[in-house]
1. Using Cα centres only, tell me the gap between the stretch B:120-186 and the stretch A:131-156 in whole Å.
2. How large is the Kirkwood hydrodynamic radius of the stretch A:191-318, counting all unique pairs of alpha carbons, in Å?
3. With viscosity set to 0.890 mPa s at 25 °C, what whole-number translational diffusion coefficient in µm²/s follows for the protein assembly as shown from Stokes-Einstein and a Kirkwood radius over Cα pairs?
4. With +1 on each Lys and Arg Cβ and -1 on each Asp and Glu Cβ, how big is the dipole of the stretch A:177-253 about its Cα centre, in debye rounded to the nearest 20?
5. Taking amide H positions as placed 1.01 Å from N in the peptide plane, with prolines and chain starts having none, which residues 5 or more places from A:Thr369, or on another chain, fall under 5 Å of its amide H?
6. Tell me, how many Å apart are the Cα centres for the stretch A:308-333 and for the stretch B:22-57?
7. Against the longest principal axis of chain B, how steep is helix B:229-247, in degrees 0 to 90 to the nearest 10, with axes from Cα atoms?
8. Could you size up the charge dipole of the protein assembly as shown around its Cα centre, putting +1 on the beta carbon of Lys and Arg and -1 on that of Asp and Glu, and report it in debye to the nearest 20?
Protein chains: 2
Amino acid sequence: MIRAEIIAIGSELLTPSRIDTNSLFITGELNRLGVDVVEKHVVGDERARLIEAVRIAIHHSEIVILTGGLGPTEDDLTREAAAEALDRKLVRSPEQEEILVRRFQQINRKMADINRRQTFLIEGAKALPNPYGTAPGQFLRTSTGSVFLLPGPPRELKPMMHEQVIPLLRPMLPPQVIRTRVFRVTGLGESDLDALIAPVYTKFANPTTTVLSAPGDLSVTLFARSSSEAEADALLKEAGDPIAQLLGERVYSNEDDPLEVVVGNLLRRRHATVATAESCTGGLIAARLTEHAGSSDFFTGSFVTYNDLQKQQLLGIPKDLLGTYTAVSEPVARAMAEAAKKNTGSTYALSVTGFAGPDGGTEENPVGTVFIGLAGPRETKVRRIRYGLDRARIRLLATQAAIDLLRHELLQDC
Amino acid sequence: MIRAEIIAIGSELLTPSRIDTNSLFITGELNRLGVDVVEKHVVGDERARLIEAVRIAIHHSEIVILTGGLGPTEDDLTREAAAEALDRKLVRSPEQEEILVRRFQQINRKMADINRRQTFLIEGAKALPNPYGTAPGQFLRTSTGSVFLLPGPPRELKPMMHEQVIPLLRPMLPPQVIRTRVFRVTGLGESDLDALIAPVYTKFANPTTTVLSAPGDLSVTLFARSSSEAEADALLKEAGDPIAQLLGERVYSNEDDPLEVVVGNLLRRRHATVATAESCTGGLIAARLTEHAGSSDFFTGSFVTYNDLQKQQLLGIPKDLLGTYTAVSEPVARAMAEAAKKNTGSTYALSVTGFAGPDGGTEENPVGTVFIGLAGPRETKVRRIRYGLDRARIRLLATQAAIDLLRHELLQDC
């Protein structure tokens, strides 16, 4: 197995607010080639530490990727430290210098002298062009593997990874086909999902299975590795079909489309439209439904009615109904959905009313209780859900549940 | 200077989707004690690599914090690897075993045999109680410094950091006062902010300055370190006062309150209310204004009107006005804000209409053009803003700009 290690360089990555996101991107790219990342480091702009980190990484792993520290200033130590760790010299590259001088000419600026540091290459290294920045990357083979030096800014690093690093690595690796199968799932929690499908996926070492989780939204990806596409697909089928069966209609997409896109497409295909009337979600459902361009095809409008008076004035909910049942109730959720549908002339309307907390709630309907209404062409349905106590989470989960309720309805109304 | 190193343990942290967020939290806590984090590692569940990483870290840094890998399974190697790196034995702790047995009794479950692994301590280590999980932490002094073993789940780690680690570290560190001064800023971009205040803050090594950036939202924090509070405050004053002056009213908070909380408090204090009428922001302003509990004090409701017909039906915008000026125009933004104010009886109303793209736009008002209306007790104002081309960013920036427009108005209307 080929193993990779990533070293991110820069003192700013050792502050409480900065995350090394480059390594996540690089890991994803390497995984697709069948390479595992086995260790990651973040090192500040400190020469001795950096040299030691590079030395150990080269000793341990076949592929070592360094990111950052290729700028023109004294703080940018990656070139020097990597050269020293490899016991090689740094040599001036007239070719790289010419490229850089030309680059500065193109943007009508004079190259500062310190930029010349960026044109030094480690002895034996191949320069990797960087179309979006001044620092070229570097690639060199050692007796045990490959070392890459890449710039830190993601908009420079990402294209270089695609255009330079992957094409250099691919021929070094055993020929391998990677195929994936994705299930995007909503309507159950991460641990329930795992309890449901772990008995299947743990039986397989290939494909491997990863589960990504956001509030109310899960993504299961199977990765099959093989020497042929047909075999990889067969592996995906063997492990994936039973998972598909267990998950059933809770799978809302086998592509990487988010839920609101799937529901938008279902509405479009049926020439149907949707409106919302929102209380505790405060406009989040409308914001989700309009997140992508073209949503005016199916979205007719929304009312955010946050208290009883607004429910009366904006939606025409009878005062009596609110008095008899209170705002957080099945009849009010029903009336809100029906009013939103009627007032906007939509095919469907979603409503949400609930106690998002931390205050409010009754004995019957404590904080976390949410009623979701869906008015459709033939009838109005209302679902009552109990969530936990976290306000932000209740709002996100209720938003997701409302959009998913519409999805289920649309799947039946076809 | 006391230096710390963090090692996060777990193969799941080496996947493309998982970030080691614990280290950010720990870094923040250590920085407040005057300790810098100089290196971070992520190591998988691999015994040899882990032992070497711990050995090197102990050799390099006075404080070493290991997170994760304290679970009960075979994969959980942190205890064993740390013991071996330190050349110490792992010893059974009858006391910890009793605590764990009692814990399982409390939740009416029988303790599995494998959980007994969690009660072994490294020779000489002090157990750190973990009220939210089954794995106790461990603390030990070596000849050169301190080593902490902490559980990986953030809800276990965070309280242990506060209740165990910080109190243990504080007496070991030189007495030092850390004082901070925060400026939360909106209405200018990160590079403009930096161009404005860098000439001031770069003059000072103490306080240090960090800038955090989210779309339309910046946070500038000055950290002053000193042996006395008075001196730290004097340092903050010296560097902070000129920054405060340069930023002026663009500073919306000197606490860590987000913009919608500041505006909510300003509304509350004036017994005033706000409504919204949103087109391209699709409900995001309403969602922001209702994000925190108690927003019904000042929020009267919202209309999301995404096309011309909705603007007519829900808000009563005259068809003629839309025909003459089109929906993305100063007069329509004005009419939307005034209609939202009138229909909900609010003191203020915000409206947004614009081209969020990627399609739409005219020569006069290309994609990225947004009109923000604010109807108030005396008059209605409309601002025209041009943003870039990214749809999600336009929506976020317009949301922020609208709420900030209301803030400026409230500061004047007092």
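1. 37 Å
2. Details: mean 1/r = 0.0564 Å⁻¹.
For the stretch A:191-318, inverting the mean 1/r across all distinct Cα pairs yields 17.7 Å.
3. Numbers: Rh = 29.9 Å.
This corresponds to a translational diffusion coefficient of 82 µm²/s.
4. Working: 7 positive and 10 negative charges, 25 e Å.
Magnitude of the dipole: close to 120 debye.
5. Under 5 Å from the amide H of A:Thr369: A:Phe355, A:Tyr387.
6. 55 Å
7. Tilt of helix B:229-247: around 30 degrees.
8. 800 debye
Here, each number is a calculation from the coordinates, and none is a lab measurement. The structure displayed is predicted, hence computed values, not measured ones. With ideal geometry, Cβ positions are generated from the backbone for all residues, glycine too; neighbour counts draw on all protein chains shown.
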